[in-house]
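Have a look at the structure below before the remarks.
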Amino acid sequence: MNAFQGWDAASYGDSRAGVYDRQVAGRNDVPEAVGLLAELAGAGPALELGVGTGRLAIPLAEKGVAVHGLDSSPKMLAELDRAPGGNRVTGVLGSMTDFALDRSFPLVWVAFNSLFLVDDPAEQEACFRTVAGHLAEGGRFVVEAFVPAPEQFDGPAALRVKDFGAASLLLQVSRHDAQTQVVESLDLEVTEAGFALYPTRVRYSWPQELDAMAERAGLRLEDRWENWSRRPFTADSRSHLSVYTAADAATASGRAR
Ligand SMILES: C[S@@+](CC[C@H](N)C(=O)[O-])C[C@H]1O[C@@H](n2cnc3c(N)ncnc32)[C@H](O)[C@@H]1O
């Protein structure tokens, strides 16, 4: 059985669009994220890759920054349109690996591990190249991603309980290919109304791999923190917020601090 046959760039978003906001309701990083993004965006415009339902893009737009939101899932973009304040964000259908917008941006960002939904390292690198071509002078590309902990996927596919309440249960099964760094997982949500399946396929990359991709795309790492609050990045950090800028834009250094 191959549960991921036919998986493409729209699959993640199209399968979750209607439930996405409920699934991420527990995340409490929006104020810090939007504060930092607003600082980096300056007068804008800003571009989010994998905008989803606008969790970050809408509050940034509400601060007065012109925001474009690219997504490969038509259903996610429909949710963005429907969301309160969603009309403040210019939705664009396309893949973050290969898009062409007729403007440049002081800020492009990709949040919440969305870069890893591009499940091929060459395509992730293509994303860096495409972004580099859309950065305004001194512009920045911010990547938020997890630091891989492959040991958590070791062993045969295992079922784990992600969450449960009196009327719902969320189970996840995943398999890890250590060679390709691809993790396929399937969430099974059981409620009184029935059950639903939510597949995810990610190709995780180590921070150093991302830096090398960026470098080959003409970008360099300017800053790395653990999270949107600029907590210092250490060997124990399980996430990173990496800020890239054009390799030849030495004068931009220091503006993100
Ligand atoms: C985890 S969600 C993040 C949504 C939003 N940025 C947030 O922080 O809540 C990932 C989003 O990336 C989109 N996506 C996946 N692959 C993509 C690709 N190749 N190009 C553009 N968007 C993609 C999905 O459709 C989904 O909306």
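The values are calculated or read from the model by the stated rules, or taken from the named source; none is laboratory data. Worth saying up front: this structure is predicted, and the values here are computed from it rather than measured. Using ideal geometry, Cβ is built from the backbone for each residue, glycine included, and neighbour counts are taken over all protein chains shown. These accessible areas exclude ligands, DNA and RNA; they are computed on the full protein's heavy atoms, side chains included. Shrake-Rupley method; radii C 1.70, N 1.55, O 1.52, S 1.80 Å.
How much of the DSSP beta bridge set in region 1-146 is antiparallel, as a percent to the nearest 5?
5 percent
Residue by residue, what Karplus-based ³J(HN,Hα) values in Hz, rounded to whole numbers, does region 108-116 have, using 6.51, -1.76 and 1.60 with θ = phi - 60° and x for Gly and Pro?
Running phi through 6.51 cos²θ - 1.76 cosθ + 1.60 with θ = phi - 60° gives 10, 9, 9, 10, 6, 6, 4, 4, 6 Hz.
In terms of modelled amide H atoms, which long-range or inter-chain residues lie less than 5 Å from the amide H of Val182?
Here Asp177 satisfy the definition.
What list of ³J(HN,Hα) values in whole Hz, one per residue of region 6-12 in order, does the Karplus curve 6.51 cos²θ - 1.76 cosθ + 1.60 (θ = phi - 60°) give from phi, with Gly and Pro shown as x?
Each residue of region 6-12 in turn: x, 5, 9, 4, 8, 4, 4 Hz.
With every protein chain left in place, what is the accessible area of Val34 in Å² (1.4 Å probe, nearest 10)?
10 Å²
Using amide H atoms built in the peptide plane, which far-off residues or other-chain residues are under 5 Å from Arg231 H to H?
Glu226
For Ser239, which sequence-distant residues (separation of 5 or more, or a different chain) have an amide H within less than 5 Å of its own amide H, given hydrogens modelled in the peptide plane?
HN-HN under 5 Å from Ser239: Val147.
Using the Karplus curve 6.51 cos²θ - 1.76 cosθ + 1.60 with θ = phi - 60°, what ³J(HN,Hα) values do you get for each residue of region 25-34, in whole Hz, with x for Gly and Pro?
4, x, 6, 10, 9, 5, x, 5, 4, 5
Using a Gaussian network model of the chain with C-alpha springs under 10 Å, which one of Pro150, Pro74, Pro106 is most mobile by mean-square fluctuation?
Greatest mean-square fluctuation among the candidates belongs to Pro150.
Taking springs between alpha-carbon atoms closer than 10 angstrom, which of Pro84, Pro199, Pro59 fluctuates most in the Gaussian network model of the chain?
Comparing Pro84, Pro199, Pro59 in the GNM, the peak value goes to Pro84.
Given a 1.4 angstrom probe, I'd like the percentage of the accessible area of region 150-202 that is carbon and sulfur, rounded to a whole number.
Solvent-exposed carbon and sulfur of region 150-202 make up 57 percent of the total.
Mind giving me the nanometre distance, one decimal, between the label points for Thr180 and Ala100, set 7 Å out from Cα along Cα→Cβ?
A separation of 3.0 nm, rounded to one decimal place.
Between Asp120, Asp223, Asp29, where does the largest GNM mean-square fluctuation fall for the chain, given springs only between Cα atoms within less than 10 Å?
Maximum fluctuation in the GNM of the chain, among the listed residues, is at Asp29.
Taking region 150-202 on its own, what percent of its Cα-Cα pair distances exceed 16 Å?
When all Cα pairs of region 150-202 are counted, 45 percent exceed 16 Å.
If you take the C-alpha gyration tensor of the chain, multiply each eigenvalue by 5 and take the square root, what semi-axes do you get, largest first, in whole Å?
Working: eigenvalues 172, 94, 60 Å².
Gyration-tensor ellipsoid for the chain: 29, 22, 17 Å.
In Å², what does the accessible area per residue of region 150-202 work out to with a 1.4 Å probe? Walk me through the numbers on the way to the answer.
Numbers: 3470 Å² over 53 residues.
Ligands and nucleic acids excluded, the result is 65 Å² per residue.
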